[in-house]
Structure formats: C-alpha cells, structure tokens
Amino acid sequence: IATLPMEKGWLASHLHQYQGFWHITRQLQGVLSCQKHFNALHSDILIVTSPKSGTTWLKAWTFALLNRKKYPKMFQNHPLLTENPHSLVPFLELDFYKDKDLVPDLSMISSPRLFSTHLPYVSLPKSVMNTYCKIVYLCRNPKDAFISLWHFTNKLKTEGTCANSLEDSFEKFCNGVSLCGPFWDHVLGYWKKSLEQSEKIIFMRYEEMKKNPSTVLKELARFIGCPFSKEEEDEGVVDDILKLCSFKNLSNLEVNKKGKLPSGEEHRAFFRCGEIGDSKNYLTAEMIEQLDAITEKKLAQHGLRF
Ligand code: A3P
C-alpha cells in the first residue's frame, strides 16, 4: 500500500494506492474488511461505479425497480421520498464494512440484497465472482465525471483545509490520482468483463440514462430479473419510476436538501446540476483535448468510446 500525502486537504485525508487504485483512508479500511468478510449470495445485486458517475441516480432507479410492488403508490409513501438513495442502498466499503472491529451481519437483509461499491474490478471480494451475483456497472464520460468530482471534493473540504484548484486536480486526475482512480482503469476493468460475461455484468452509461431513460430502465429491469409486464407499462409504471427518481424530484425533496449521511456528507452534495457536458463550462480547450487524448489512447483499442 503506497501513501500519497495530499497537501491540499483532499477530503482532509491521504490517498492510498492499493491494487493499483487510490482510496482515502476511511475507504481503504473498508475495502480490506469487505474483501475479507463479504460473502456474496447468488441472488445479490451489486451497483458499481467510479465516484460521480451517477451512483445516486442508479441507486434510486434500482431500489425503485426492486420495490415497486411493495410501494405501488409511488408518490405517496415511497422510501425515496423520505430517505436519501445512499441510505437505502449503502456502500459495502464505506458503510457496512467501515468499522475495523465489527463485521456486519447481513443475513437478515431480504433477498435480493442490493449493495453498492466503488471497488475496482481487481479488488472485488472473491465471492462476488464465484457466485451468480449480478453487477450493474455505471460509467460516465471522464470530463463530466472529473468536474463533478472536483466540485464534490471541494464541497467536502473540512475547516482548516483549502480547496483544490482545478489545475491541480486536473493534473492529478490525468495521472490517475483521483478517488478510486485511475478513472480509465476502473471503467476498463468492468468493460472487459462485461464483454466476456454479459449475463453477470451490465455496463451502463450515464449519458444513455439521460438520453433514453425508459429504454435503459427497462433493460436494467430485465437484467436484474424484474422485467416490466405489459400491464405495468400500460399503467405508466416506467414513467412513474423515472419521475420519482428524476433529478428535479429528488433534489427538491426536503430530505435531500437538508439531511446528512452518517459519514458526514450532506445529501445535497450528491445533486449539483445533473447534465451532460457541464464540464465544458470549466475546462479549457487544452484540457479537453488532453482528456480526450487519454481516453482515446486508453479505451479506444478496447472498443470503448465516449
Ligand atoms: P454533476 O456534479 O455533474 O451535477 P454520484 O451519485 O456518483 O456521486 O454522481 C453525482 C452526479 O450525478 C452529480 O453530477 C449529480 O448532480 C448527478 N445526479 C444525481 N442525481 C441525479 C439524477 N436523479 N439524475 C441525473 N443526475 C443526477
């Protein structure tokens, strides 16, 4: 494990490189613990993302899909109206396994259990690959993911630390030094596996969720084993889920405007603008060119383009 002291208060912490990827201190503890203790079940569903790729949105979608029979009156008493998606679908390494001395008992969670993680493919607990557990991977174009991450980490800076400049963060991101980075390696690990094992891993894109929401939602529903029936489609359930989980709806809920996660992040930090291409309002032409060139070099040969 290599450690890189971040002089400018990167989440007021250090970044540690483990199995080729960078983690903040409190995350690394959880990574090690869940690698050791997490036992996946065949029926589990695991949401995986690189940070700021749309995790919150995907958590809301998947939770709403799995629980739609339980809460048919979606705009009256649905848990997504009163709880943040991260509380409903906690992270393995940041929530369940964050405590070094406490191994959580997950056996009481009803099936199918829904978890999330930012773990890169190489760091997944063995049982995830040794079972029929399904993986839903969501990626986002690196320019928007980077800008979103830059805003997020600056929001989280604690007293006594200063903000990370855009230039500084950009250089680090390009060199692979970012939360759960290198970004491209994270994406590539899951992309390659999704080509080999399409039954096990679905590879989704934030941009597709934005452009063709109902098509992607239906595809996700089929993949996780709860496809929409004809009656549901006729009754407008697809549209209801999309509306419930929309940026406009979620970001305007009281719980997401005011609350905080147990780990300290404010709920509203997960809702900024939710658009494709906002990065062009921040990056210079040279920065865009540089990021595009890295993406092309690292991903195009594997058939992956943004
Ligand atoms: P921006 O910072 O570009 O606005 P994550 O959930 O992985 O932390 O990613 C956060 C990003 O997803 C933020 O992007 C956030 O605004 C966006 N987001 C959150 N909820 C969303 C939703 N319901 N629809 C679309 N984008 C959403």
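The values are calculated or read from the model by the stated rules, or taken from the named source; none is laboratory data. Predicted model only: the values in this text are computed from it and were never measured. Heads up, the Cβs are rebuilt from the backbone with ideal geometry, glycines too, and the neighbour counts pull from every protein chain shown.
Only one residue in S111, S107 is polar (S, T, N, Q) and either part of a helix (DSSP H, G or I) or modelled with pLDDT of 95 or more (or both), so which one is that?
On the way: S107 fails: either part of a helix (DSSP H, G or I) or modelled with pLDDT of 95 or more (or both).
Unique residue meeting the criteria: S111.
Is there a residue being under 26 Å from R26 (Cβ atoms), surrounded by 17 or more Cβ atoms within 10 Å (Cβ to Cβ), of a type in the set (G, A, S) and within 14 Å of the ligand (Cβ to nearest atom) anywhere in region 60-72?
Yes, region 60-72 contains at least one residue that is under 26 Å from R26 (Cβ atoms), surrounded by 17 or more Cβ atoms within 10 Å (Cβ to Cβ), of a type in the set (G, A, S) and within 14 Å of the ligand (Cβ to nearest atom).
Six or more apart or on different chains, Cβ atoms under 9 Å: show the pairs whose first residue is in region 245-274 and in a loop (DSSP other than H, G, I, E, B) and near the ligand (Cβ under 7 Å from one of its atoms) and whose second is modelled with pLDDT under 95 and of a type in the set (D, E, K, R).
Going by the 9 Å Cβ cut-off, the qualifying pairs are R272/K155.
Buried (at least 18 other Cβ atoms within 10 Å of the Cβ) and either within 16 Å of the ligand (Cβ to nearest atom) or of a type in the set (G, A, S) (or both): does that describe L46?
Numbers: buried (at least 18 other Cβ atoms within 10 Å of the Cβ): yes; either within 16 Å of the ligand (Cβ to nearest atom) or of a type in the set (G, A, S) (or both): yes.
Criteria met by L46.
How many of the residues in region 216-244 are assigned to a helix (DSSP H, G or I), of a type outside the set (D, E, K, R) and more than 16 Å from the ligand (Cβ to nearest atom)?
Of all residues in region 216-244, those assigned to a helix (DSSP H, G or I) come to 216-223, 230-235, 237-244.
Checking the rest, the ones that are also of a type outside the set (D, E, K, R) come to 216-217, 220-221, 223, 237-238, 241-242, 244.
This time we only want the ones that are more than 16 Å from the ligand (Cβ to nearest atom), so: 221, 223, 237.
Going through region 216-244 one residue at a time, the tally reaches 3.
In region 159-176, what count of residues is obtained for those that are at pLDDT below 95 and either in a loop (DSSP other than H, G, I, E, B) or under 14 Å from T295 (Cα atoms) (or both)?
Total meeting the criteria: 7.
Answer with yes or no whether L250 is closer than 30 Å to K98 by Cα, of a type outside the set (S, T, N, Q) and surrounded by 12 or more Cβ atoms within 10 Å (Cβ to Cβ). Steps first, please.
On the way: closer than 30 Å to K98 by Cα: yes; of a type outside the set (S, T, N, Q): yes; surrounded by 12 or more Cβ atoms within 10 Å (Cβ to Cβ): yes.
In short, yes.
Collect the residues in region 58-98 that are in a loop (DSSP other than H, G, I, E, B) and in contact (Cβ under 8 Å) with a residue 40 or more places away in the chain, keeping them in residue-number order. Please lay out each step first, then the result.
First, pick out the residues of region 58-98 that are in a loop (DSSP other than H, G, I, E, B): 67-78, 83-84, 89-90, 97-98.
Of everything in region 58-98, those that are in a loop (DSSP other than H, G, I, E, B) and in contact (Cβ under 8 Å) with a residue 40 or more places away in the chain turn out to be R68, M74, F75, H78, E83, N84, V89, Y97, K98.
Quickly run through region 275-289 and pick out the residues that are more than 9 Å from the ligand (Cβ to nearest atom), in contact (Cβ under 8 Å) with a residue 12 or more places away in the chain and hydrophobic (A, V, I, L, M, F, W, C).
Within region 275-289, L283, M287, I288 meet the criteria.
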